[in-house]
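The values are calculated or read from the model by the stated rules, or taken from the named source; none is laboratory data. All of these numbers come straight from a predicted model, not from anything done at the bench. Accessible surface areas use protein heavy atoms only, side chains included; no ligands, DNA or RNA. Shrake-Rupley method; radii C 1.70, N 1.55, O 1.52, S 1.80 Å.
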Amino acid sequence: EPEVTQTPSHQVTQMGQEVILRCVPISNHLYFYWYRQILGQKVEFLVSFYNNEISEKSEIFDDQFSVERPDGSNFTLKIRSTKLEDSAMYFCASSDLRAGQPQHFGDGTRLSIL
Amino acid sequence: DQQVKQNSPSLSVQEGRISILNCDYTNSMFDYFLWYKKYPAEGPTFLISISSIKDKNEDGRFTVFLNKSAKHLSLHIVPSQPGDSAVYFCAASGWGQGAQKLVFGQGTRLTINP
């Protein structure tokens, strides 16, 4: 069964450094998403992306965050200058065009900011 | 922001019995509801969904019930198996084409006892 893959599984970064989290969505999916889960809290929506544009973003997704689909298969989340509070699990998800189709999630990247 | 709430952080059920997980929502704009299952160190795995035009959807051992007037949904697992032990998330979104952000509940940890 096709799946969403995310790399790396764990990223440790110094505060203030840039980090790029990578995702390969399911190949025939056209909607892409990033979510995050801070330890002990809910899974929170960050951003959705379609047709090379951001469709919607949350308040969390400020100017320090950006997303990109650099080629036909990858979808990336960049955090320009990381803060301690960016430490979380980051999940990528994708879904296809049809209404009422579920989002499928990757296994996440654990981001630890020191 | 408590648009989707799962009031039981944990639930323990005997193997072979029925597990019932509950979820409440406040936003009348939600039209699509999903249940995800999550094991440690993995991403959420889609289980079953229901749109607001239905009140029940069944898939094998899993049945989701939706009570729109009460803004309440539940997931029934019968019979429960040890492999069902996981954290279960309720999520809600709008319906239709276009990227739809998911709003998650806090999760319920289900433990199936042999």
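Computed quantities for the displayed model
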| read-out | value |
| --- | --- |
| For segment B:52-101, residues shielded by at least 10 square angstrom of accessible area compared with the chain on its own, probe 1.4 Å | B:89, B:95, B:96, B:97, B:98, B:99, B:100, B:101 |
| Estimated translational D of segment B:48-114 in µm²/s (Stokes, Kirkwood radius over Cα pairs; 37 °C; 0.692 mPa s) | 245 µm²/s |
| The protein assembly as shown - Debye-derived log10 I(q)/I(0), Cα point model, q = 0.11, 0.12, 0.17, 0.18 Å⁻¹ | -0.55, -0.65, -1.24, -1.35 |
| Stokes-Einstein D in µm²/s, Kirkwood radius over Cα pairs - chain B at 25 °C with 0.890 mPa s viscosity | 173 µm²/s |
| The protein assembly as shown, accessible area per residue, ligands and nucleic acids excluded (1.4 Å, Å²) | 49 Å² |
| Table column - 3J(HN,Hα) (Hz), segment B:104-112, Karplus curve with 6.51, -1.76, 1.60, x for Gly and Pro | 9, x, 7, x, 10, 7, 9, 10, 9 |
| Diffusion coefficient, µm² s⁻¹, Stokes-Einstein with Kirkwood Rh over alpha-carbon pairs of segment A:5-113 at 25 °C and 0.890 mPa s | 176 µm²/s |
| Flagged links, alpha-carbon separation over 24 Å, of A:42/B:38; A:42/B:71; A:57/B:68; A:42/A:78; B:68/B:101 | A:57/B:68 |
| Compactness of segment A:51-114, expressed as Rg and Dmax over alpha-carbon positions, Å | 13.3, 41 |
